[in-house]
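The values are calculated or read from the model by the stated rules, or taken from the named source; none is laboratory data. This is a predicted model, so every value here is computed, not measured. In this analysis, Cβ positions are derived from the backbone assuming ideal geometry, glycine residues included, and neighbour counts consider all displayed protein chains. The area values use the complete protein model at the heavy-atom level, side chains included, leaving out ligands, DNA and RNA. Shrake-Rupley method; radii C 1.70, N 1.55, O 1.52, S 1.80 Å.
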Amino acid sequence: MAIFGDYARYYNLLYADKKYDEEADFVLHILATRGCRPVSLLDLGCGTARHALHMSGHGIAVSGADMSATMLAMGEKMLQQEKARPTLPAGSPLPELHLGDARSLRLGRQFDAVTSLFHVMSYQTTEDDAMSLFSTAREHLKSGGLFFFDFWHGPGVLREPPETRLRIMEDAHTRVTRYARPVHRVNDDIVEVHYDIELENKETGTHSHLSEQHDMRYWFLPELRHLAHLSGFMPAGEGAWPEDTPPQANTWNAWMVVRKC
């Protein structure tokens, strides 16, 4: 099954408690402290566009791109709901969404900043994949523009290896039970996350099951700095997500921001 296939339909429910607004504000804060207050921004791997929507509430013209048509359809539905019942400040431009792979997307225009959030970099499991993502970001940045991304931080993953986890979320219609079973490929710096998901339709009482495998690369700061340099960027900051403090040995989630040379 393709990554984010059927799973995408239940993504927003599984992450209903994720603080997209606070995360978007943090990213914009980091960009601002590095001298970038974007008027335009491209979000690579935007998913259902919830980060993009919150950033557009700051008056930013946001474009989002994702390779999952299902997630983009969910995002478009959310944007239509926003049009019908606005929650953002008056005059906020709604994001525009594009179907495309973050490694090869070419929109033919440039932005003040590019973001790639919720571990999109860790879905790039080879150096070639990561450099393709860097290339896409650079192609879409104005001179001196910033590329912000987060990722699984290698020292933290090795210090606290992944474990099997259970997550249960529900709304009025659906109950989702997700088991995440990791297989750690230490020699590849990859964790295979095997998802088994049980779905209960609370209205009919029927059950269904789906499975997916997500391969996640954990990265080390020196290798990302090197790949960014090879791709035409210079370092502009890094930290433990979501703080503007250096990553530590037990930091699982980290961020980096680089500037187009």
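Can you pull the Kirkwood radius for the stretch 1-147, inverse mean 1/r over Cα pairs, to one decimal in Å?
Computed over the stretch 1-147, the radius equals 15.5 Å.
Pick out, from LEU13, ALA69, HIS54, the residue whose Cα sits farthest towards the positive end of the charge dipole of the chain, with +1 on the Cβ of Lys and Arg and -1 on the Cβ of Asp and Glu.
Farthest along the dipole direction, towards plus: HIS54.
Can you give the accessible area per residue of the chain, in Å², using a 1.4 Å probe?
47 Å²
Considering all alpha-carbon pairs of the stretch 24-67, what whole percent are spaced by more than 15 angstrom?
So the pairs more than 15 Å apart make up 36 percent of the total in the stretch 24-67.
Rounded to the nearest 10 Å², what accessible area does THR206 have for a 1.4 Å probe in the complete protein model?
80 Å²
Quick one: Cα centre-to-centre distance for the stretch 51-96 and the stretch 190-247, in angstrom?
If you average the Cα positions of each part, the centres end up 22 Å apart.
Quote the accessible area belonging to GLU76 in square angstrom, nearest 10, computed with a 1.4 Å probe and with ligands, DNA and RNA left uncounted.
Probe radius 1.4 Å; accessible area of GLU76 about 80 Å².
Please name which of LEU107, PRO161, LEU133 has its Cα lying farthest along the dipole of the stretch 106-161 towards the positive end, using unit charges on Cβ (Lys, Arg +1; Asp, Glu -1) and the Cα centre as origin.
With unit charges placed on the Cβ atoms, the residue in question is LEU107.
Give me the Debye-computed log₁₀ of I(q)/I(0) at q = 0.07, 0.16 Å⁻¹ for the chain, equal point scatterers on Cα only, no solvent, two decimals.
Result of the Debye calculation: -0.24, -1.30.
Between ASP17 and LYS142, take the C-beta separation as r, use R0 = 30 Å, and let me know the FRET efficiency to the nearest 0.05.
0.25
Could you size up the charge dipole of the chain around its Cα centre, putting +1 on the beta carbon of Lys and Arg and -1 on that of Asp and Glu, and report it in debye to the nearest 20?
Taking the Cα centre of the chain as origin, the dipole is about 640 debye.
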